[in-house]
Amino acid sequence: MFKLSLPGKLFMAATAAWVLGKTSKLRIKGTKQEIDALAGALRSSRKFRQELRKPGATVESVMDKLGLKHARGKEFERITGVPWPL
């Protein structure tokens, strides 16, 4: 577990809301590589959640999305030095 500042907590709440399908407006600053890593991790987290909720989803389809989510999370960590929390 890690400690978050208030802006960090707000960021996590906004990203979690987006993954859950809610509207979330964020302004993110960083290098192109950091922004791309964040976007990839967010998209794969959202797609995994959508697959879990999809009627007729198979174990294979869920595992594929989970694998992608894990890979994007590792890429985010490699680029930013921060573990992907979702």
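Once the piece of chain linking L86 and S24 is laid out straight, how much longer is it, given 0.36 nm per residue of separation minus the C-alpha distance between them?
On the way: separation 62, 0.36 × 62 = 22.32 nm, distance 1.60 nm.
The L86-S24 span can extend by a further 20.7 nm.
Region 58-86 and region 26-41 have Cα centres separated by 15 Å. In terms of distances greater than 21 angstrom between alpha carbons, the cross-link table entries K22/K54; K47/K74; K22/K47; K32/K74; K3/K25 yield K3/K25.
The K9 and V62 beta-carbon pair, evaluated with R₀ = 25 Å, returns a calculated FRET efficiency of approximately 0.25. Once Rg and the Kirkwood radius are both taken over the C-alpha atoms of the chain, their ratio Rg/Rh works out to 0.99. For the chain, the longest principal axis of the Cα atoms and the long axis of helix 6-19 meet at an angle of about 20 degrees. Computed from Cα atoms, the angle from the helix 32-53 axis to the main principal axis of the chain rounds to 30 degrees. In whole percents, the pair-distance distribution calculated for region 1-50 from its alpha-carbon pairs, binned every 5 Å from zero, is 4, 20, 24, 28, 20, 4.
Can you compute the helix-only [θ] at 222 nm over the chain? Use -39500 (n - 2.57) per DSSP H run of at least 4 residues, normalise by all residues, nearest 500 deg cm²/dmol. List each step's numbers first, then the result.
Working: 3 runs with 58 residues, N = 86.
My calculation for the chain gives -23000 deg cm²/dmol from helical runs alone.
Quick note: the coordinates plus some simple rules give every number you see, no bench work behind them. In this text the structure is predicted, and so the values were computed from the model without any measurement. FYI the Cβ positions are ideal-geometry reconstructions off the backbone, even for glycines, and counts take in every protein chain you see.
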